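Structure first, commentary second.
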Amino acid sequence: GAVVSQHPSRVICKSGTSVKIECRSLDFQATTMFWYRQFPKQSLMLMATSNEGSKATYEQGVEKDKFLINHASLTLSTLTVTSAHPEDSSFYICSAGLAGSTDTQYFGPGTRLTVL
Amino acid sequence: KQEVTQIPAALSVPEGENLVLNCSFTDSAIYNLQWFRQDPGKGLTSLLLIQSSQREQTSGRLNASLDKSSGRSTLYIAASQPGDSATYLCAVRGFSGGYNKLIFGAGTRLAVHP
């Protein structure tokens, strides 16, 4: 099956710093990428959807100025958590799919962010 | 707004038991429903995908059913093993806000003990 990677797998940072998480589709072109966050023992909550070359569409309640998403190529999307605070600590998972596809998405392994 | 509910939230069983995990959703206008497995601190592994026109899918010891009209799906695990211990997530795919999206339930945390 298709492979999606994320980097880094874990990151610990100080409050106030910005953190960038990369999501790559390794063997297919992902015209659409999704970013989720997951709190402990809770489900995945969709944060935003982005198509390559377009601005991301954010879900209600997600601050677009805080969670910057760039989808500049068909194989790479980045999520930048700006001025991170302890409440941003979470597990962030990206997912990649083909535009208009109603079939499966391919999920990355996730990034554990801890903000001190 | 689509909401997905999974029952039970947690389950602990001895090895060998047959299990049923339940998933319900509020909006029956879905493209498909998917069951995932998530190990602690890891990403998602897709187990079964059921299209809206289908009633069930099977893979090995796993069988998933879908009753779209009533907004329900079940995941049946036969002869459970300790290696089945994980969180099982149900997700439905529907169209919202210009995109088709996966909406997840909170999951069922399964522990199978020897």
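So here's what we get for this one:
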| quantity | calculated |
| --- | --- |
| Shape parameters for the protein assembly as shown, alpha-carbon atoms, Rg then Dmax in Å | 17.6, 51 |
| Residue order, fewest to most beta carbons within 10 Å, for A:54, B:85 | A:54, B:85 |
| 10 Å Cβ neighbours from other chains, averaged over peptide A:42-54 | 3 |
| Volume of the Cα convex hull of the range B:4-63, divided per residue and given in Å³ | 116 Å³ |
| Extreme residue, positive dipole direction of the protein assembly as shown, given options A:53, A:84, B:102 (C-beta unit charges) | A:84 |
| Residue-wise HN-Hα coupling along the range A:42-51, computed from phi with Karplus coefficients 6.51, -1.76, 1.60 (Hz; x: Gly, Pro) | 10, 7, 7, 10, 5, 9, 6, 10, 9, 9 |
| Partners for residue B:1 among lysines (Cα-Cα distance below 17 Å; same-chain residues under 8 apart left out) | B:68, B:101 |
| Violating pairs (Cα-Cα greater than 21 angstrom) within the set A:20/A:55; A:20/A:64; A:20/B:42; A:14/A:41; A:14/B:42; A:14/A:66 | A:14/A:41; A:14/B:42 |
| For chain B, the spread of Cα positions along each principal axis, largest first, Å | 46, 29, 20 |
| D (Stokes-Einstein, µm²/s), Kirkwood Cα radius, chain A, 1.002 mPa s at 20 °C | 153 µm²/s |
| Listed residues B:22, B:100, B:63, most fluctuating in chain B (Gaussian network, C-alpha, under 10 Å) | B:100 |
| Neighbour-count ranking [beta-carbon atoms within 10 angstrom, fewest first] of A:39, B:36 | A:39, B:36 |
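None of the figures in this text is laboratory data; all of them are computed from the coordinates on show. In this text, all values refer to a predicted model and were calculated from it rather than measured experimentally. Every residue, glycine among them, receives a Cβ derived from its backbone with ideal geometry; neighbour counts consider all protein chains shown.
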